[in-house]
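Novice: Please find one structure pasted underneath; my questions will follow.
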Amino acid sequence: MTAVEKKFTLENADMLSLLGMNDSNLRMIEDKFNASIVVRGENFVVKGVLEEVEVVEKIIKEMVYVLNTSGTLRTTDVEAILDLTLHGKEIISEKEIDSVVLYTKNDAIKAKTPGQLNYLQTAMKNDICFAIGPAGTGKTYLAVALAVSALKKGNINKIVLARPAVEAGESLGFLPGDFREKIDPYLRPLYDALDDMMPSEKLKGYLEKGIVEIVPLAYMRGRTLNNAFVILDEAQNATATQMKMFLTRLGVNSKAIITGDITQIDLPSKSVSGLIEAKDILNNIEGVGFVYFDKSDVVRHKLVKDIINAYEKFKNGDNKESSKAE
């Protein structure tokens, strides 16, 4: 049979733990197959008969999944993976591997809809990505997961999460407490997302050292962010001036994701949403990507999708027509 060569790159993997002491895990795989495996950094080259090459790649990716899900990869784990794979069983499908953003101790954070998968691909391809769509589509959660993944891999050394401090029908001045106590409720969703993705002690340490920052949008003025992953959440509530200010903070080796729902703008009626303006101005700039979600991408409670449908019908006049008919 003709030998083939397959090259692939692994992400989100601790290579030392994956390969084992003195590459012992790698040797275990090679003992089962005639295929050869060469590793350079995160890049793998597998040579051999096509069928064996495909199985070896699958086994290595299964090992990555177990390592990143449990935090460890023991000799017994590798033996189990080899046994299961050789008997035609798998731990995680190839399709799921391609959609995984980040492995946590308890789960793998991954795209759950075609729209979310497109979002991940667009965000990875572009230095600036706009994600626009209704609540519950995973815009913010996946953005935070991408940022944590980039930090974990050492691609960046800082995460900055920002939100406009615009109240939905309330005034900050009337809320009790000092400024930090008043602003924390607006930033809480970002804290919650981070708390799902890393141990509390590690997150606390990152916050204290400034490796992770969660700030009101106004605090971004005058800064240049190098080697950073920057996220602007609820961007529909940023003014045009604030949006331009945020986008021009991006420094060397940095990425930005801007998320928002243009159907839930809380700005004063005379103010222009910076998200809507940016959508029109930046649409054709190379390196800037746009992703639009719809109700089919909602991954929250089923009622969220029903609520969005009901509001869409009301906005389109369906309720008014039915009332007249009655």
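The values are calculated or read from the model by the stated rules, or taken from the named source; none is laboratory data. Just so it is clear, the model here is predicted, and its values are computed rather than measured. For neighbour counting, all protein chains shown are included, and Cβ atoms are generated from backbone atoms with ideal geometry for every residue, glycine included. Remember, those area values only see protein heavy atoms, side chains included, never the ligands or the DNA or RNA. Shrake-Rupley method; radii C 1.70, N 1.55, O 1.52, S 1.80 Å.
Novice: Within 12 Å of Ile132 (Cα to Cα), in contact (Cβ under 8 Å) with a residue 24 or more places away in the chain and either crowded, with 19+ Cβ neighbours inside 10 Å or in contact with a strand residue (DSSP E or B) (Cβ under 8 Å, 6 or more places away or on another chain) (or both): does that describe Lys255?
Specialist: On the way: within 12 Å of Ile132 (Cα to Cα): no; in contact (Cβ under 8 Å) with a residue 24 or more places away in the chain: yes; either crowded, with 19+ Cβ neighbours inside 10 Å or in contact with a strand residue (DSSP E or B) (Cβ under 8 Å, 6 or more places away or on another chain) (or both): yes.
Against the criterion (within 12 Å of Ile132 (Cα to Cα), in contact (Cβ under 8 Å) with a residue 24 or more places away in the chain and either crowded, with 19+ Cβ neighbours inside 10 Å or in contact with a strand residue (DSSP E or B) (Cβ under 8 Å, 6 or more places away or on another chain) (or both)), Lys255 does not qualify.
Novice: When you scan region 280-306, how many residues do you find that are open to solvent by 60 Å² or more (accessible area, probe 1.4 Å), at pLDDT 80 or above and of a type in the set (A, V, I, L, M, F, W, C)?
Specialist: Number of matching residues: 2.
Novice: Is it true that some residue in region 69-89 is in contact with a helix residue (DSSP H, G or I) (Cβ under 7 Å, 6 or more places away or on another chain), free of Cβ contacts under 8 Å to residues at least 40 places away in the same chain and of a type in the set (Gly, Ala, Ser)?
Specialist: No - not one qualifying residue is present in region 69-89.
Novice: Could you check region 143-171 and list, in sequence order, the residues that are at pLDDT 85 or above, of a type in the set (Val, Ile, Thr) and farther than 14 Å from Asn227 by Cβ?
Specialist: Result: Val144, Val148.
Novice: Take the residues in region 23-52 that are assigned to a helix (DSSP H, G or I) and hydrophobic (A, V, I, L, M, F, W, C); name whichever of them is most open to solvent (accessible area, probe 1.4 Å).
Specialist: Quick first cut of region 23-52, residues assigned to a helix (DSSP H, G or I) only: 23-32, 50-52.
Then drop every residue that is not hydrophobic (A, V, I, L, M, F, W, C), which leaves 26, 28-29, 50.
Values: Leu26: 10, Met28: 42, Ile29: 1, Leu50: 91 Å².
Going through the qualifying residues, I end up with Leu50.
Novice: Restricting region 307-316 to residues that are of a type in the set (A, V, I, L, M, F, W, C) and open to solvent by less than 80 Å² (accessible area, probe 1.4 Å), which is modelled with the highest pLDDT? Even if it seems obvious, please write down each step before you answer.
Specialist: Residues of region 307-316 that are of a type in the set (A, V, I, L, M, F, W, C), as a first pass: 307-308, 310, 314.
Narrowing further to those that are open to solvent by less than 80 Å² (accessible area, probe 1.4 Å): 308, 310.
Working: Ile308: 73, Ala310: 84.
By that ranking, first place goes to Ala310.
Novice: Does region 1-22 hold any residues that are modelled with pLDDT of 85 or more, surrounded by 14 or more Cβ atoms within 10 Å (Cβ to Cβ) and polar (S, T, N, Q), and which are they?
Specialist: Passing the criteria: only Ser17.
Novice: Could you look through region 265-279, keep only residues that are polar (S, T, N, Q) and surrounded by 13 or more Cβ atoms within 10 Å (Cβ to Cβ), and pick out the one that is nearest to Lys139 (Cα to Cα)?
Specialist: Ser273
Novice: Return the pairs, sorted by first residue and then second, in which the second residue is surrounded by fewer than 19 Cβ atoms within 10 Å (Cβ to Cβ) and among the hydroxyl-bearing types (Ser, Thr, Tyr), the first residue lies in region 17-46 and is touching a residue at least 24 places away in the same chain (Cβ under 8 Å) and more than 13 Å from Ile59 (Cβ to Cβ), the beta carbons are less than 8 Å apart, and the residues are 6+ apart or on different chains.
Specialist: Hits for this filter: Ser17/Thr72; Gly20/Thr75; Ser24/Thr75; Glu42/Thr9; Asn43/Thr9.
Novice: For residues in region 53-80 being among the β-branched types (Val, Ile, Thr), at pLDDT below 85 and in a helix (DSSP H, G or I), which is nearest to Lys152 (Cα to Cα)?
Specialist: Looking only at region 53-80, we keep the residues that are among the β-branched types (Val, Ile, Thr), and these are 53, 55-56, 59-60, 64, 66, 69, 72, 75-76, 78.
Going one step further and asking which of them are at pLDDT below 85, we end up with 66, 69, 72, 76.
Keeping just the survivors that are in a helix (DSSP H, G or I) gives 66, 69, 76.
Values: Val66: 17, Thr69: 14, Thr76: 26 Å.
My answer is Thr69.
Novice: Filter region 138-168 for residues that are under 13 Å from Glu213 (Cβ atoms) and open to solvent by 10 Å² or more (accessible area, probe 1.4 Å); which is nearest to the chain's Cα centre (by Cα)?
Specialist: Across region 138-168, the extreme among qualifying residues is Leu151.
Novice: Output the helices (runs of 4 or more DSSP H) that fall wholly within region 175-270 and possess 1 or more residues being at pLDDT below 95 and in contact with a Gly (Cβ under 9 Å, 6 or more places away or on another chain), or say none. Talk me through it step by step, then tell me what you get.
Specialist: Working: elements: 179-197, 200-209, 240-247.
Where helices (runs of 4 or more DSSP H) fall fully within region 175-270 and carry at least 1 residues being at pLDDT below 95 and in contact with a Gly (Cβ under 9 Å, 6 or more places away or on another chain), they are 179-197, 240-247.
Novice: Report yes if some residue within region 100-116 is on the phi < 0 side of the Ramachandran plot, out of contact with any helix residue (DSSP H, G or I) (no Cβ under 8 Å at 6 or more places or on another chain), at pLDDT 80 or above and surrounded by 16 or more Cβ atoms within 10 Å (Cβ to Cβ); otherwise report no.
Specialist: no
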